[in-house]
1. Would you point out which residue out of Tyr216, Tyr186, Tyr178, Tyr150 is touching a strand residue (DSSP E or B) at 6+ places or on another chain (Cβ under 8 Å) and either away from ligand 1 (no atom under 16 Å from the Cβ) or within 30 Å of Glu71 (Cα to Cα) (or both)?
2. Go through segment 86-101 and report how many residues are of a type outside the set (D, E, K, R), assigned to a helix (DSSP H, G or I) and within 7 Å of ligand 2 (Cβ to nearest atom).
3. Return the total of residues in segment 52-82 being part of a helix (DSSP H, G or I), open to solvent by less than 30 Å² (accessible area, probe 1.4 Å) and of a type in the set (Gly, Ala, Ser).
4. Go through (1) surrounded by fewer than 21 Cβ atoms within 10 Å (Cβ to Cβ); (2) part of a loop (DSSP other than H, G, I, E, B); (3) touching a residue at least 60 places away in the same chain (Cβ under 8 Å) one by one and return the number of the condition Phe107 breaks.
5. Can you say whether Glu119 is assigned by TED's automatic domain parsing to the domain that holds Ser53, of a type in the set (Asp, Glu) and open to solvent by less than 40 Å² (accessible area, probe 1.4 Å), as far as the supplied structure shows?
6. Do we find a residue being more than 10 Å from ligand 1 (Cβ to nearest atom) and in contact with a helix residue (DSSP H, G or I) (Cβ under 7 Å, 6 or more places away or on another chain) anywhere in segment 62-74?
7. So, Met218, is that one surrounded by fewer than 22 Cβ atoms within 10 Å (Cβ to Cβ) and touching a Lys or Arg at 6+ places or on another chain (Cβ under 9 Å) or not?
8. Which number in (1) touching a Gly at 6+ places or on another chain (Cβ under 9 Å); (2) at pLDDT 95 or above marks the one condition that Arg102 misses?
Amino acid sequence: MNSIRLLAALLAGLCVYAVAAPAIAQSTRTRVAEVDLPARLKEVEHDAKLSESAFKTGRKVAAVCANCHGEGGNSLKPEIPNLAGQNPAYLIEQLRKFADGRRRNEFMEGMIKAMNSDEKIGMVLFYANQKVVRKTVSNPALAAKGKEHYSKTCWRCHGEDGRGNEKFARIAGQQPDYLRATLRGYRAGTGLRIDPLMAATTQLMTDADIDAVVAYVMSME
Ligand code: HEC
Ligand code: HEC
């Protein structure tokens, strides 16, 4: 693992973030990785030795990400997602989406370009094995409303406990501002996040529905 390269990307990325220079970000956009990441992930997951070494690589990568995503992937910033406890296959799919333009965030696109495939696999395995820190409910009435909505639709894909599965993201305990922005992003259809299932799901939600669901989901364990 070449942490100098990742740190350089971090610094370059932070500048892009600060100065918002779209020209730089444009030139760092990358094509889909040549390695078949989902296949490689399965291979590593089924081999104890490969998993162990990937985990170690992942822990080193995570040190670079901790400033934003928190130690062990429990973010301390409401607008930045937790990565702890997230499903590896979902995370790998997101790395691919950032790389091929189906998901837009200039900073993360740059970070992902700086990671090689071993680092990507290691990172998702490391985070998948970290525990999510539960948040306290600040508005029980709102959360109860959100639970009602959740029990009508969301559970079908994300599970009753919000932990998802190999196909669907874990959302339980996710950061509130990130959840809100993400749900609105799917609904708006401006290309920040593209997914037909989530576009359909959020289409009929009002801002109040979203706020209620966020209050519930952030408090799930
Ligand atoms: C400057 C802050 C910052 C740093 C450093 C950072 N990230 Fe992120 N990351 C973000 C933000 C903000 C988002 C949400 C982007 C969006 O809304 O699509 C994000 C999203 C992600 C996602 C998608 C999560 C999801 O639930 O879909 C992954 C995966 C990720 N980052 C991995 C990493 C990795 C790995 C590193 C370190 C190599 C890293 N990030 C470093 C800010 C950061
Ligand atoms: C029919 C299946 C389905 C239903 C129902 C569904 N989701 Fe999703 N959800 C998905 C899929 C697939 C993704 C991954 C999309 C992507 O790659 O961007 C996702 C992603 C998400 C994300 C982004 C996770 C992250 O870490 O960034 C959030 C938040 C979310 N869903 C919340 C909800 C909520 C809240 C509901 C109920 C109102 C809901 N979903 C209902 C399939 C579903």
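1. From the options Tyr216, Tyr186, Tyr178, Tyr150, the qualifying one is Tyr186.
2. Matching residues across segment 86-101 total 2.
3. The qualifying residues number 6.
4. Going through the list (1) surrounded by fewer than 21 Cβ atoms within 10 Å (Cβ to Cβ); (2) part of a loop (DSSP other than H, G, I, E, B); (3) touching a residue at least 60 places away in the same chain (Cβ under 8 Å), Phe107 breaks only (2).
5. The answer is yes for Glu119.
6. No, the conditions are met nowhere in segment 62-74.
7. Spelling it out, it is not the case that Met218 is surrounded by fewer than 22 Cβ atoms within 10 Å (Cβ to Cβ) and touching a Lys or Arg at 6+ places or on another chain (Cβ under 9 Å).
8. (2)
The values are calculated or read from the model by the stated rules, or taken from the named source; none is laboratory data. Quick caveat, the model's predicted, so the values are computed rather than measured. Using ideal geometry, Cβ is built from the backbone for each residue, glycine included, and neighbour counts are taken over all protein chains shown. To get the accessible areas, we keep the full protein, side chains included, count just its heavy atoms, and leave off ligands, DNA and RNA. Shrake-Rupley method; radii C 1.70, N 1.55, O 1.52, S 1.80 Å.
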